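Comments concern the structure below.
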Amino acid sequence: MKPQASRLPVPATGRDGAQGRQKTAAFFGGVVPASPGEERLAEEVGMALAGAGFALLHGGYNGLMAAAAQGAAAEGGTVTAVTLADKHTQWGDFNPYVTDEVHLPDIGARLNRYLDSADLVVAMGGGVGTLHELTAALYYAGNIRSVPVWITGPTALKLLAFLRREKWLFETPTRPLGFISPIASAAAFATQLHTLTAEKEAGA
């Protein structure tokens, strides 16, 4: 039997005082977790986000997506699946924690739906689909709109280290990378989420 996810110390708020809307977190993670520990981390991330009042936006399928959605559902959060209209039958049913769904015509529209509405992007490990989503988020946050991109879990953190080491990601005066946060654990994620939420409330 899978152990119950522990509750994390995050504030139960998620309303943007300036705009009066619920905050949204886009979650990118693969259908095949690298390890049970990574799956557990995704569940705790989902719990923390929903506990802080964030709506969860993700692909809607299995693996890390399902784990994050399960965590969000445990805290009463909403989970919106964003998929491709002509691929949904091939990709299969959504995980049982999805509360809403959006079917879009192409990959560009799907990425735009994630990124244009996101107050926070969270990325974990996965396959080339997750890699595509993560690199799109990094480009978007660095060039279009500075949305926080939090990278967590051992697989994604290794990828981030590689991108920095090989200069796929490098900082310049006109292209700062301060929007990227490597996060090593569920406890660190909860702490940083608490700080982010408090800052947004203070600036509302």
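The values are calculated or read from the model by the stated rules, or taken from the named source; none is laboratory data. Everything numeric here is computed off the predicted structure, so don't read it as measured data. Positions of Cβ are backbone-derived with ideal geometry, glycine not excepted, and every protein chain shown enters the neighbour counts. For the accessible areas, the whole protein counts, side chains as well, though only heavy atoms, and no ligand, DNA or RNA atoms are used. Shrake-Rupley method; radii C 1.70, N 1.55, O 1.52, S 1.80 Å.
Report whether or not Thr135 is open to solvent by less than 50 Å² (accessible area, probe 1.4 Å) and polar (S, T, N, Q). Steps first, please.
On the way: open to solvent by less than 50 Å² (accessible area, probe 1.4 Å): no; polar (S, T, N, Q): yes.
No.
Could you count how many residues in the range 132-171 are over 16 Å from Gly108 (Cα atoms), in contact with a helix residue (DSSP H, G or I) (Cβ under 8 Å, 6 or more places away or on another chain) and either of a type in the set (S, T, N, Q) or in contact (Cβ under 8 Å) with a residue 60 or more places away in the chain (or both)?
The number of residues fulfilling the criteria is 4.
State whether one or more residues within the range 63-75 are charged (D, E, K, R), surrounded by fewer than 24 Cβ atoms within 10 Å (Cβ to Cβ), at pLDDT below 95 and in a loop (DSSP other than H, G, I, E, B).
Our first condition is that a residue be charged (D, E, K, R); within the range 63-75, this holds for 75.
Those left that are additionally surrounded by fewer than 24 Cβ atoms within 10 Å (Cβ to Cβ): 75.
Narrowing further to those that are at pLDDT below 95: none.
Looking through the range 63-75, none of the residues is charged (D, E, K, R), surrounded by fewer than 24 Cβ atoms within 10 Å (Cβ to Cβ), at pLDDT below 95 and in a loop (DSSP other than H, G, I, E, B).
Any residue at all in the range 144-155 that's out of contact with any Phe, Trp or Tyr (no Cβ under 9 Å at 6 or more places or on another chain) and among the polar types (S, T, N, Q)?
Within the range 144-155, one or more residues are out of contact with any Phe, Trp or Tyr (no Cβ under 9 Å at 6 or more places or on another chain) and among the polar types (S, T, N, Q).
So for the range 41-57 (the condition being on the phi < 0 side of the Ramachandran plot, of a type in the set (Gly, Ala, Ser), within 15 Å of the chain's Cα centre (by Cα) and modelled with pLDDT under 95), does at least one residue qualify?
no
Pick out the one residue from Val31, Val79 that is modelled with pLDDT under 95 and under 17 Å from the mean Cα position of the chain (by Cα). Talk me through it step by step, then tell me what you get.
Working: Val79 fails: modelled with pLDDT under 95.
Among Val31, Val79, only Val31 is modelled with pLDDT under 95 and under 17 Å from the mean Cα position of the chain (by Cα).
All but one of (1) surrounded by fewer than 13 Cβ atoms within 10 Å (Cβ to Cβ); (2) assigned to a loop (DSSP other than H, G, I, E, B) hold for Phe162; which doesn't?
Going through (1) surrounded by fewer than 13 Cβ atoms within 10 Å (Cβ to Cβ); (2) assigned to a loop (DSSP other than H, G, I, E, B) one by one, Phe162 breaks only (2).
Identify, from the list Leu64, Leu104, Leu49, the residue that is in contact with a Pro (Cβ under 6 Å, 6 or more places away or on another chain) and of a type in the set (A, V, I, L, M, F, W, C).
Values: Leu104 fails: in contact with a Pro (Cβ under 6 Å, 6 or more places away or on another chain); Leu49 fails: in contact with a Pro (Cβ under 6 Å, 6 or more places away or on another chain).
Just a single option satisfies the conditions, and that option is Leu64.
Filter the range 124-153 down to the residues that are closer than 20 Å to Gln192 by Cβ, modelled with pLDDT under 95 and either among the aromatic types (Phe, Trp, Tyr) or not in a loop (DSSP other than H, G, I, E, B) (or both) and list them by number.
Residue satisfying the conditions is Gly142 alone.
Pairs, please: C-beta under 7 Å, at least 6 apart or cross-chain, first residue more than 14 Å from Lys23 (Cβ to Cβ) and in the range 67-80, second open to solvent by 60 Å² or more (accessible area, probe 1.4 Å) and among the acidic types (Asp, Glu)?
Note: pairs meeting the criteria are Ala67/Glu39.
Of the residues in the range 76-103, how many are surrounded by 17 or more Cβ atoms within 10 Å (Cβ to Cβ) and of a type in the set (A, V, I, L, M)?
Residues of the range 76-103 that are surrounded by 17 or more Cβ atoms within 10 Å (Cβ to Cβ), as a first pass: 77-83, 94-95, 97-98.
Now restrict to residues that are of a type in the set (A, V, I, L, M): 79, 81-82, 98.
Summing the residues that are surrounded by 17 or more Cβ atoms within 10 Å (Cβ to Cβ) and of a type in the set (A, V, I, L, M) in the range 76-103 gives 4.
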